[in-house]
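Inspection log for the structure reproduced underneath, given as structure tokens.
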Amino acid sequence: MPTPMALNLCTSPKWIGTTVFESGSSSKLLLGSSSSSSTSSTTSFSSSILSCKSVGLKSLSSRRKNGSVRVRSSLDTTGPTVTVGQVTEVNKDTFWPIVNAAGDKTVVLDMYTQWCGPCKVIAPKYKELSEKYLDVVFLKLDCNQDNKPLAKELGIKVVPTFKILKDNKVVKEVTGAKYDDLVAAIDVVRSS
Amino acid sequence: MTSQASTFAVSVSSAPSPLRRRGNFSVVRAQVEPSDKSIEIMRKFSEQYARKSGTYFCSDKGVTAVVIKGLADHKDSLGAPLCPCRHYDDKAAEAAQGFWNCPCVPMRERKECHCMLFLTPDNDFAGNEQTITLDEIKESTENM
């Protein structure tokens with residue numbers, strides 16, 4: 001019976017992860033182009049990328065002629081998922097768990113409001129940054145009534161405000177839609 | 001069988017699939033729209049105040065539209081057009097106090113509008129218009 005393995009960290013999607021269950025042997029987790037299906041090599045991953053927790057793999061499978069079953073994984077993890085390569089919307093309940101799960105990675109939070117003009121201006125540039133800095137976790141928080149406790153906890157007056165966190169605490173802040181200042185601040189923190 | 005150790009990014013498709021959707025319901029967030037009446041009031045105010053102060057709207061009128069809607073939204077909920085580009089502990093108290101009611105004190109005293117609604121001609125983002133139509137507001141904010 002294969003041991004379930006969980007991916008707690010996922011990157012911006014470009015290709016599908018597949019698991020291959022070969023009949024009569026233990027399962028091997030192969031991640032890569034789905035075209036490289038017939039190789040039997042296994043690949044290990046750096047621990048900074050994967051951590052094992054529980055997982056349920058729900059997938060469609062098809063039986064191949066050679067007896068192995070190729071499944072297409074739609075990974076269904078328990079616990080917070082830390083995503084890089086894109087901007088993840090958070091709220092007052094999901095923010096700190098994601099920051100905790102990010103470990104020693106730099107985390108940037110865009111605190112915005114629904115009708116703030118400069119927030120709309122910087123949003124696409126923020127998204128581009130998230131696609132460029134794959135070692136940084138980019139989050140955004142709508143500072144509405146629901147999330148007010150978290151906004152108050154983090155502290156915000158000017159909208160937008162960017163908070164940069166490392167090791168579960170705020171280490172830097174950029175007030176206003178100042179792109180150059182934001183990039184400089186991220187560079188300082190991620191190289192510290 | 002060779003095994004290689006390598007470090008590379010793990011990628012998982014984010015394309016929605018029927019299986020994924022079953023368990024993961026996307027959050028439907030109610031995006032409240034300000035009233036047409038308040039939008040019109042704040043639109044007229046913005047045009048008038050830009051003329052009066054010698055400032056111009058952003059070259060990207062979408063920014064102007066969003067801020068006007070933000071002002072209208074606060075006018076609806078608080079009775080006063082509190083600046084939408086600030087966060088407040090007590091909005092009602094701030095609206096009553098008035099410092100951040102548009103036109104806010106920094107704007108009145110120093111023509112500083114960090115919302116990018118009223119821009120001095122030397123500002124890189126300033127356009128050359130002091131007018132915005134209701135249609136422009138609606139069209140540029142319809143996907144929000």
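Reported count of residues in the stretch A:101-119, each being of a type in the set (Val, Ile, Thr) and in a loop (DSSP other than H, G, I, E, B), is 1.
Summed over the stretch A:93-116, the residues that are loosely packed, with under 15 Cβ neighbours inside 10 Å and either at pLDDT below 75 or among the charged types (D, E, K, R) (or both) give a count of 2. Within the stretch A:101-117, the only residue that satisfies the criterion of being within 22 Å of A:ASP187 (Cα to Cα), at the interface with chain B (Cβ under 10 Å from one of its Cβ atoms) and hydroxyl-bearing (Ser, Thr, Tyr) is A:TYR112.
Every residue in the stretch A:153-192 that is touching an Asp or Glu at 6+ places or on another chain (Cβ under 7 Å) and assigned to a helix (DSSP H, G or I), please. Listed by number, the list holds a single entry, A:ARG190. One residue is enough: does the stretch B:63-73 have a residue meeting the conditions of a type outside the set (Gly, Ala, Ser) and more than 17 Å from the chain's Cα centre (by Cα)? No, that holds for no residue. Taken across the stretch B:88-111, residues that are touching a residue at least 24 places away in the same chain (Cβ under 8 Å), within 11 Å of chain A (Cβ to nearest Cβ) and on the phi > 0 side of the Ramachandran plot do not occur at all.
Criterion applied to A:LYS157, A:LYS125, A:LYS163 was being in contact with a His (Cβ under 9 Å, 6 or more places away or on another chain) and within 14 Å of chain B (Cβ to nearest Cβ), and the one residue passing it is A:LYS157.
The values are calculated or read from the model by the stated rules, or taken from the named source; none is laboratory data. Just so it is clear, the model here is predicted, and its values are computed rather than measured. Because the Cβ atoms are built from the backbone with ideal geometry, glycine has one as well, and the counts that use them run over all protein chains shown.
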